[in-house]
Each structure stands twice: as structure tokens, then as C-alpha cells.
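Before any comments, here is the structure.
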Amino acid sequence: MSSPSASSFTFEPLFLALAVAAAILYWRGARRERPPRWRVATFALGLLLVAGALNSPLETIAAHYLLLIHLLQNVMISDWAPPLLILGLTPRMRGELARLGGGAFAWIARPQIALPVWLVAWYGIHLAGFYDFALRNPWMLNLEHLVLVAVGLLFWWPVLAGEPLDVSVPVKIGYLGVAFVGSVFLGLALTFSDTPFYDFYVAAPRLWGLSAAKDQNFGGILMNAEQSAVFLAAILYFVLGLIPEEEHTSSRA
């Protein structure tokens, strides 16, 4: 069976349906609360990143040709979209979601639980056996992407939501720092290995003159560069937020 054109669209309808459902629920909440435009735009961008990454030529290239693009999809739906979706929610919306999740959500959303769950999922999904199986079975590929979105939301919730726990700024900085250090090894392994990890991409048609090994190396570089930018920007934001607080405390003393 020949591979589709790299410029053709491939769809994961599940994520189109989820994006539409989330947009409808947000619209219903926004009718009651009237969130500012920046929150609406931020939430819409988060939905667009998830739906667009998985229903476009990116999906075609990721599912048939290049690991590099598959890794790009993964960071789009797990590192970029979740913080935008959470920031797009108003405090009232976040509070309602936290209450809806009940005690189980309050437990798993604690930093000391959310961080190891995210790390285990991040590394587990990228294990060669799972990754190859998911690429050969569309239902498992859907599950892979669903898990990435879910653990991305879980990871960023303690940092951005303020519900059900109000995590202190120093804890947020430490949480992000540990996450960055803990996640970097996957990208480094992909970057510096001369042996392709994934049999699926070894057998896949080549695109853009990239061998399977170079495809993997560039994917690792992309992953490390993206995570460095996202995590260091978030850490810098919270560090700068601490400076006025410390100055205010010193002036009062």
C-alpha cells in the first residue's frame, strides 16, 4: 500500500469532536461570566493547537514519514496547548472543574503527584515498543494523543490554576525546574543516538532527504529546544514575580 502525499490531510475525528465539545462548554460558561477577550483567544488557540496538530498534513507526515513531525505534534498537544487552555479559563471555571473532579482530582493535582505521573507518561509513551505499536494501530495512536493532552493538563494545573490547591511561587519554580531536568534525557537520547529507536520510522518512506537516524536526531533537538524555551520562560516569569514581593517585604521590615 502506497503512502499518502505528505501535503494531504489526515484526520483524528476524536479530537475534532473533543475540541467542538470543549468550545461549546466554554461558550456556555462565557455567557454567564463574560471572560476578557484575551482569555477567550487563549482558550481558542489551545483548542486550535490540539485539533490542528492532529487533523492536518502534520498528522499525515507524522503517521507515515517522519518522527520529527510526530514529536512536534506531541509537544504541541502536551506542552503548548494545555497551559493555554488553563489560562483561558476564568478562576470561576477552574474552581468548578476542580469541584467536579472531587477528592480524586484534588489528590492527583498536587505537585508531588502530578509531576511523577507526567514524567512516567512522557517517558512511557516514547518507549519504542509502545510507540511502534501505536503507529501501526490508529486506535492506540488516538489513546497516545489523549494521554498526552491529559497529562499535559495535569502537569500545568498546579502551576496555573490555583485550584484546588494554591501552590506557592517557590514551589512552582522548583516544580518546573525538576520537570525540566527530569524530562531532558529523552531529547538528549534522541539527539545523540546513531541508532534509530523506532522500527516503524526505519521502514517508513524517507522525506526531505532525512535518514531515519537524522530524523531522530533533529526530533531530539526540537524536543530539547522547545522544552528549554517553555520551562525556562515559565520559571523566569515566576522568578521575576518574586522580586517585587521580596522588595515589598523588605520595605515593610
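The values are calculated or read from the model by the stated rules, or taken from the named source; none is laboratory data. Just so we're clear, the structure is a prediction, and the values are computed from it rather than from any experiment. With ideal geometry, Cβ positions are generated from the backbone for all residues, glycine too; neighbour counts draw on all protein chains shown. These area figures cover heavy atoms from the full protein model, side chains too; ligands, DNA and RNA do not enter into them. Shrake-Rupley method; radii C 1.70, N 1.55, O 1.52, S 1.80 Å.
Quick notes
- Local charge for ALA106 was computed over the other residues whose Cβ lies under 11 Å away, with Lys and Arg +1 and Asp and Glu -1, and equals +1.
- Charged neighbours of ALA63, selected by a Cβ distance under 13 Å, balance to -3 (K, R count +1; D, E count -1).
- Nearest-ten-degree value, helix 13-33 long axis tilted from longest Cα axis of the chain: 20
- Compactness index (Cα Rg / 2.2 N^0.38 Å), the chain: 1.08
- Cα centroid of region 127-170 to Cα centroid of region 88-113, whole Å: 15
- Of LEU210, LEU67, LEU45, the residue with the largest accessible area leads and the full order is LEU45, LEU210, LEU67 (1.4 Å probe).
- Taken about its Cα centre, region 1-115 carries a charge dipole of roughly 740 debye when the Cβ of each Lys and Arg holds +1 and the Cβ of each Asp and Glu holds -1.
- Region 37-165: projected area of the alpha-carbon convex hull, averaged over directions, in nm²: 8.0
- Relative contact order, whole percent, for the chain stands at 22, derived from Cα pairs under 8 Å and 6 or more residues apart.
- Of the residues ILE77, LEU127, PRO196, the one whose Cα sits farthest towards the positive end of the charge dipole of the chain is ILE77 (charges of +1 on Lys and Arg Cβ, -1 on Asp and Glu Cβ, taken about the Cα centre).
- FRET efficiency for ALA41 and ASP194, using Cβ-Cβ distance with R0 set to 41 Å, rounded to 0.05: 0.40
- Square roots of five times the Cα gyration tensor eigenvalues for region 73-121, Å: 20, 17, 7
- Solvent-accessible heavy-atom area per residue, rounded to whole Å², over the chain at 1.4 Å: 50
- Rounded to the nearest 20, the size of the Cβ-charge dipole of the chain about its Cα centre is 820 debye, with Lys and Arg at +1 and Asp and Glu at -1.
- Dipole of the chain, positive direction: furthest Cα of ALA41, HIS64, VAL184, with charges on the beta-carbon: ALA41
- Of the whole protein surface, PHE180 contributes about 40 Å² of accessible area at a 1.4 Å probe radius.
- Against the chain, whose longest principal axis is taken from its Cα atoms, helix 138-160 shows a tilt of about 20°.
- Alpha-carbon centroids, region 182-243 and region 34-87: separation in whole Å: 17
- Translational diffusion of region 1-55 was estimated from the Stokes-Einstein equation, with Rh taken as the Kirkwood radius over Cα pairs; at 37 °C and 0.692 mPa s the coefficient is 256 µm²/s.
- Computed with a 1.4 Å probe over protein heavy atoms only, the accessible area of VAL120 comes to about 110 Å².
- Only protein heavy atoms count here; on that basis, with a 1.4 Å probe, ASP166 has an accessible area of about 130 Å².
- Carbon/sulfur fraction of accessible area - the chain, other protein chains in place, 1.4 Å, %: 71
- Against the chain, whose longest principal axis comes from its Cα atoms, helix 37-54 is set at around 20 degrees.
- In this structure, the amide hydrogen of THR10, modeled 1.01 Å from its nitrogen in the peptide plane, lies closer than 5 angstrom to those of SER56, GLU59, THR60, counting only residues at least 5 positions away or on a different chain.
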